[in-house]
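Here is the structure we will look at, set down as structure tokens.
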Amino acid sequence: MVEAQGQEVALSPFRFAVAVGVFFANFNNALLWSTYAAVSPSAARFYNCSEFTINMVALVFQIVFIPFAYPAIYVLDTYGLRVSVLIGTWGVTLGGLVRWLGSILGPPETQVPFLFIGQTIAAIATPFAFNAPTKACAAWFGENERLTANTVMSLSIYGGTALALAIGPALVNSDPQNMNTLNLATFAIVFSTGLTSLLVFDKPAIAPSKSAQVDSLPFLHGLKQAVMNPQFIVIVAAYGMTAGSLDTYFTLISDYVTPFGYSEADSGIIGIITIISGVISSLLLGAILDRTKLHRLFLKLLTVVSFLGSLGFYFSASFTDRRVLLFASAAVTGIGGFALAPIALELGVECTYPVGEGTSAGLIQTAGQFFGVVVLLVSNALRASDGSLSDAMIWRIGVCGVVMLIVPLYTANNRRIDLETEQAQS
């Protein structure tokens with residue numbers, strides 16, 4: 001424990017339990033969002049619908065997220081972390097239950113409606129949990145561990161996606177009738193891991209840092225200040241397009257490669273390679289940046305890496321004899337895209353401080369969902385008559401290229417870090 005201008009600062013050991021609860025709240029969101037990503041053809045046969053309809057199941061999350069993001073931001077910054085995470089966790093669990101029961105109890109013609117009802121319930125709950133990592137980091141973690149903690153909690157999204165990509169092909173095994181088993185498995189997972197949400201509380205008795213002792217701006221005042229900040233808008237645009245591109249990549253991963261001779265199992269492997277490489281690089285980079293504070297530099301470098309990954313994926317996905325290049329490009333895509341998310345969320349707080357963390361994170365995450373809708377809809381519009389998505393892959397390269405061009409515009413100071421540095425020196 002140390003003193004900061006007469007006020008105690010201490011790290012609570014319970015912060016790790018809070019991080020676990022926030023981690024699984026977002027993990028479960030991603031699991032329901034990407035359940036059918038690697039088994040789209042089988043899911044379309046089971047539900048007797050088109051693959052576009054199955055893609056829309058994922059798109060529901062992004063469409064619904066946008067109008068419900070603002071109530072979620074208000075709840076998080078007004079009623080606190082615990083209420084927000086509980087809503088996010090158990091709303092998603094209810095959606096998973098409806099989705100599973102609809103696939104086993106109703107007649108075939110009601111299966112698709114119940115699928116979308118369950119997905120919509122889960123989607124409404126999603127922003128309440130999605131915006132929580134940055135708030136949890138600010139309230140519970142010290143200045144030299146915030147980015148690492150944010151990285152771990154934010155990467156839970158891709159952990160859930162990885163599990164979906166792994167268990168989907170394994171449980172379905174190219175047999176559409178096994179879709180019921182997949183729906184049951186996802187519900188069982190989100191229910192059991194959702195119990196960790198009970199470990200989440202608003203803040204410790206003693207603040208972990210000097211900046212955590214400063215009250216955030218009132219909700220509407222903070223919201224106005226954030227949207228009028230041009231540096232924050234650069235972060236919003238860069239994160240939004242990167243997240244939208246990456247979400248589309250995972251949603252269409254089987255559609256990208258199966259028309260060219262790859263299997264659903266191959267698409268699952270590609271997704272898992274992307275996630276594993278992204279998780280490992282993000283954790284390493286988070287630990288480095290917590291100490292070096294070189295957030296702005298790596299924000300710019302990672303957009304170049306992400307662009308190269310999209311380029312390599314395009315030149316290898318159409319050829320089964322370029323499997324090694326395809327897998328390598330998937331790894332580069334993960335490295336470039338994953339680590340950018342927690343960095344952008346932290347920089348969003350830094351350039352708007354003392355705006356509430358829920359407000360800045362919520363606006364940034366909303367941009368990700370908005371661009372996810374745009375990138376996915378354009379990608380589906382570019383689908384060829386034979387089902388291939390070559391033009392859609394070019395479109396994704398273009399999106400990554402635009403991000404690479406706009407991030408040099410970000411030049412803001414790190415207000416929160418500067419405050420803590422001044423305090424440490426005084």
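The values are calculated or read from the model by the stated rules, or taken from the named source; none is laboratory data. Worth saying up front: this structure is predicted, and the values here are computed from it rather than measured. Neighbour counts are summed over all protein chains in view; Cβ atoms, including those assigned to glycine, are modelled from backbone coordinates with ideal geometry. These area figures cover heavy atoms from the full protein model, side chains too; ligands, DNA and RNA do not enter into them. Shrake-Rupley method; radii C 1.70, N 1.55, O 1.52, S 1.80 Å.
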Qualifying residues in segment 139-175 (those that are under 21 Å from the mean Cα position of the chain (by Cα) and β-branched (Val, Ile, Thr)) - the one most open to solvent (accessible area, probe 1.4 Å) | VAL152
Scanning for something closer than 24 Å to LEU326 by Cα, among the aromatic types (Phe, Trp, Tyr) and open to solvent by less than 60 Å² (accessible area, probe 1.4 Å), does segment 293-302 turn up at least one residue?
-> no
Can you find a residue in segment 173-194 that is modelled with pLDDT under 90, farther than 17 Å from THR134 by Cα and among the hydroxyl-bearing types (Ser, Thr, Tyr)?
-> yes
Would you mind telling me which numbered condition in (1) closer than 19 Å to PHE130 by Cα; (2) touching a Ser or Thr at 6+ places or on another chain (Cβ under 9 Å); (3) open to solvent by less than 10 Å² (accessible area, probe 1.4 Å) VAL236 fails?
-> (3)
Selection within segment 284-318 - modelled with pLDDT of 95 or more and among the β-branched types (Val, Ile, Thr) | THR303, VAL304, VAL305
Polar (S, T, N, Q), modelled with pLDDT of 90 or more and open to solvent by less than 10 Å² (accessible area, probe 1.4 Å) - does that describe any residue in segment 57-67?
-> no
Taking the stated definitions as given, is TYR70 closer than 30 Å to ALA138 by Cα, under 18 Å from the mean Cα position of the chain (by Cα), modelled with pLDDT under 95 and open to solvent by 40 Å² or more (accessible area, probe 1.4 Å)?
-> yes
Checked segment 308-328 for anything in contact with a Gly (Cβ under 7 Å, 6 or more places away or on another chain) and buried (at least 24 other Cβ atoms within 10 Å of the Cβ); matches are GLY309
Can you tell me which residues in segment 330-366 are assigned to a helix (DSSP H, G or I), open to solvent by less than 10 Å² (accessible area, probe 1.4 Å) and in contact with a Gly (Cβ under 6 Å, 6 or more places away or on another chain)?
-> THR333, GLY334, GLY336, PHE338, THR359, SER360, ILE364
Members of segment 388-426 that are open to solvent by less than 30 Å² (accessible area, probe 1.4 Å), over 30 Å from SER263 (Cβ atoms) and hydrophobic (A, V, I, L, M, F, W, C) = VAL403, VAL407, ALA412, ILE417
Only one residue in THR93, THR78 is hydroxyl-bearing (Ser, Thr, Tyr) and within 20 Å of the chain's Cα centre (by Cα). Which one?
-> THR93
Look through segment 382-426, keep the residues that are in a loop (DSSP other than H, G, I, E, B) and closer than 28 Å to MET228 by Cβ, and return whichever of them is modelled with the highest pLDDT.
-> TYR410
Output for Cβ contacts, cut-off 9 Å, separation at least six or different chains, first residue farther than 17 Å from TYR239 by Cα and without any contact (Cβ under 8 Å) to a residue 24 or more places away in the chain in segment 279-304, second open to solvent by less than 70 Å² (accessible area, probe 1.4 Å) and of a type in the set (Val, Ile, Thr), reads ILE280/ILE335
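Given the criteria in contact with a Leu (Cβ under 9 Å, 6 or more places away or on another chain), farther than 13 Å from THR352 by Cα and at pLDDT 90 or above, does THR242 qualify? Before you say what the answer is, go through the steps one by one.
Details: in contact with a Leu (Cβ under 9 Å, 6 or more places away or on another chain): yes; farther than 13 Å from THR352 by Cα: yes; at pLDDT 90 or above: yes.
So THR242 fits the description; yes.
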Quick one: what pairs do we get from segment 306-320, first residue without any contact (Cβ under 8 Å) to a residue 40 or more places away in the chain and more than 9 Å from VAL332 (Cβ to Cβ), second in a helix (DSSP H, G or I) and among the basic types (Lys, Arg), C-beta under 6 Å, 6+ apart or different chains?
-> SER316/ARG322
Any idea which of SER277, SER254 is buried (at least 24 other Cβ atoms within 10 Å of the Cβ), under 16 Å from THR333 (Cβ atoms) and either in contact with a strand residue (DSSP E or B) (Cβ under 9 Å, 6 or more places away or on another chain) or not β-branched (Val, Ile, Thr) (or both)?
-> SER254
Given the conditions (1) surrounded by 22 or more Cβ atoms within 10 Å (Cβ to Cβ); (2) within 28 Å of ALA38 (Cα to Cα); (3) under 22 Å from the mean Cα position of the chain (by Cα), and given that MET179 satisfies all but one, which numbered condition is not satisfied?
-> (3)
Just one listed residue, out of VAL39, VAL92, VAL22, is under 30 Å from GLN111 (Cβ atoms), surrounded by 24 or more Cβ atoms within 10 Å (Cβ to Cβ), in contact with a helix residue (DSSP H, G or I) (Cβ under 7 Å, 6 or more places away or on another chain) and modelled with pLDDT of 95 or more, and it is VAL92
Return a yes/no flag: does segment 230-250 have any residue that is more than 17 Å from LEU299 (Cβ to Cβ) and hydrophobic (A, V, I, L, M, F, W, C).
-> yes
